[in-house]
1. State, as an integer percentage, the relative contact order of the chain based on alpha-carbon contacts under 8 Å between residues 6 or more apart.
2. Mind pulling the angle between the C-alpha long axis of helix 120-134 and the longest principal axis of the chain? Nearest 10 degrees, somewhere in 0 to 90.
3. Neighbouring Cβ atoms within 10 Å as the yardstick, rank 255, 93 fewest first.
4. Stretched out fully, how many nm does the piece from residue 362 to residue 301 gain, at 0.36 nm a residue minus the Cα gap?
5. For the residue pair residue 238 and residue 5, what label-to-label distance in nm results when each label sits 7 Å from Cα along the Cα-to-beta-carbon direction?
6. On C-alpha positions alone, give me the angle between the axis of helix 213-231 and the longest principal axis of the chain, in degrees, nearest 10.
7. Compute the orientation-averaged projected area for the stretch 3-192 from the convex hull of its Cα atoms and round it to one decimal in nm².
8. Kindly list the residues of the stretch 16-42 that lie in the label zone of residue 376, defined by a backbone N under 19 Å from the point 7 Å along the Cα-to-C-beta vector.
C-alpha cells in the first residue's frame, strides 16, 4: 500500500514537484530592484495529490505526524499555523485571485534540507500551487505562479520575502542559470553547465543555527531604504557603479555606506558574471564568487564563522571561487571547483570544521535543474 493511500485511503490523481535553489550571485539586491542569478537544484519538494469534493484540504508530510485539515471557506491569514500555513497560503492566494480550485488531499515529501537557505518554503508554496491548479487542469504562466507564491508568503504566512526564490523554483531550466532583472521583471536563461567544462558547483550546508535573523534582515533592509532616501533614489539599483564613490561620499553613516557599497558592487558582479557565462568563460566567474563573499562578510555583515571557514578552506584547497548563498547567518556556501578536486575540497572542509569544533557539514548535488512541473 502506498504512503498516500495509508494517509488518505484513496489513490492519488498525480504528483507535482518544485525545486529548491541556490543563488550564484546577486545576494541581497532583490529588495533594491536588483539583479540575481539563481539556479534550480535537483533537490525538490514533491506533492502527491487527489481531488476531493467536500471543500476541505488535508495535508500530510512524511516528516510530520498526522494529517492537518482545513476548509477552503474559512481560510484567512493566520487561520493555519506552522508548516501547514504554506499549503494553506497557496490555496488562499489562488482563491483570492478567483482560480476555481477545490478540496484536495496533499502528501508532501522532500529531499530538500529545511533551514539551509535553499528556499524550501518557496518550493513548498510553488509545489502546492501547481498541484492544486493541476488537479483542475488550470494552466497558469510560471511567472504568475511565482508571483502568487510570493503573495502567499508575504500576506498569508507573514514573511516579507522577495520574488527571486519563487521565480527560480518556477522558471529555471536545466543547464541554465536564471538571469532575473527584478526592476524590469524580465528573465533570460544563461547557459550554466559546469560539468561540460570539467567543473562542479558544490553546495555545502554548514549546519549553523540561524542567529538573530529577523531583526538583522530588517535592519539591513531599513539601512538600504534609509540610504536610498538620503540619496534621493527609489532604490539602490538606481546608483550606477560609476557613481558609487560620489554616492558614498554623500552618506553620513558608515553602516549605510557599507550596505550601499555591497548592493551596488554586487549588481555589477552579476552583470560581469552573466557576460562571462555568455562568453563561455565559466572559470573566470570564480573570483566574482569570492569577491561577493568578502562583500557579504565585510560590508553587509551577514556571514557567520562556519560560512567564513567553509569558504576560506575551499579556496585554500583549490576552489576557483566560493561564497555564502542565501539569507546568511547560517545556511550554505557554494564553491566552483575542478570536478577532479571535489573530494579533496570536501574532505578539507570536513577536517577544518572538526578542528574548529563545528557540526559536521553536508554537501548537495548542484546540477542546474528544471523548475516546477508535473511528474506523474
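Every number in this text was worked out from the coordinates using simple rules, so none of it is lab data. This structure is a prediction, so every number in the text was calculated from the model and none was measured. As a convention, Cβ positions derive from the backbone with ideal geometry for all residues, glycine included, and neighbour counts pool all protein chains shown.
1. Relative contact order comes out at 24 percent.
2. 40
3. Fewest to most other Cβ atoms nearby, the residues stand as 255, 93.
4. Stretched fully, the residue 362-residue 301 segment lengthens by 19.6 nm.
5. About 6.2 nm, to one decimal.
6. For helix 213-231, the angle is close to 60 degrees.
7. Computed as one quarter of the Cα hull surface, the answer is 10.1 nm².
8. Zone members listed by number: 16-19.
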